[in-house]
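Working notes, beginning with the structure itself.
Every read-out reported here was derived from the displayed coordinates using simple, explicitly stated rules and does not represent laboratory data. Since the model is a prediction, treat every value here as computed from it, not as a measurement. Note that each Cβ is placed from the backbone with ideal geometry, even for glycine, and that neighbours are counted across all protein chains shown.
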Amino acid sequence: MARFPERRADSIETLLRALAGRRLDISDVADASGTIRADLTLPTWEDFVALAHDEIALSARHFPAVLRRQEQLLSTLAYSVQPARRPGIDDRLRWVRAQLLGVEPLVPESS
């Protein structure tokens, strides 16, 4: 049971890495003659990253272990995406690192 959050983070990372190389800007579906048959509104890359990260990170801002896992996830993801998809990841990575710098240690450091 203790590994449940870790497995969830692994699943999120796996799903984002699967999406990282895919074309997500599909909006129109045409038939063989080129006639538009469907106009789709699908999530963007930024939508997927926000869904996978933002709420968890905000909820965990006082939990260093969760923030470190988010940092690991974002760092790994940053190296596996196209440059155009990095800004949102880089912004979140900076936020997580800033939170980690501001988190109080659970055990006071000895003087």
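A simple rule links phi to the HN-Hα coupling: the Karplus curve 6.51 cos²θ - 1.76 cosθ + 1.60 with θ = phi - 60°, which for the stretch 76-87 gives 4, 5, 4, 7, 10, 10, 5, x, 5, 9, 7, x Hz, with x for Gly and Pro. Counting only Cβ charges, +1 for Lys and Arg and -1 for Asp and Glu, the dipole size of the stretch 4-102 around its Cα centre is about 440 debye. The ellipsoid equivalent to the alpha-carbon distribution of the stretch 4-102 has semi-axes of 32, 13, 12 angstrom, derived from the gyration tensor eigenvalues as √(5λ) and listed largest first.
At most 16 other Cβ atoms within 10 Å and a DSSP loop assignment: could you name the GluC sites (Glu not before Pro) in the stretch 21-111 that fit? Don't skip to the answer; put the middle values down first.
Details: sites: GLU46, GLU55, GLU71, GLU109; in loops: GLU109.
Filter output for the stretch 21-111: GLU109.
Exposure proxy shown here: for VAL96, VAL81, the number of other Cβ atoms within 10 Å sets the order, fewest to most, as VAL81, VAL96. The charge dipole of the stretch 19-71, taken about the Cα centre with unit charges on the Cβ atoms of Lys, Arg (+1) and Asp, Glu (-1), comes to about 340 debye, rounded to the nearest 20.
With both labels modelled 7 Å from their Cα along Cα-to-Cβ, the THR44 to ALA18 distance reads 2.4 nm.
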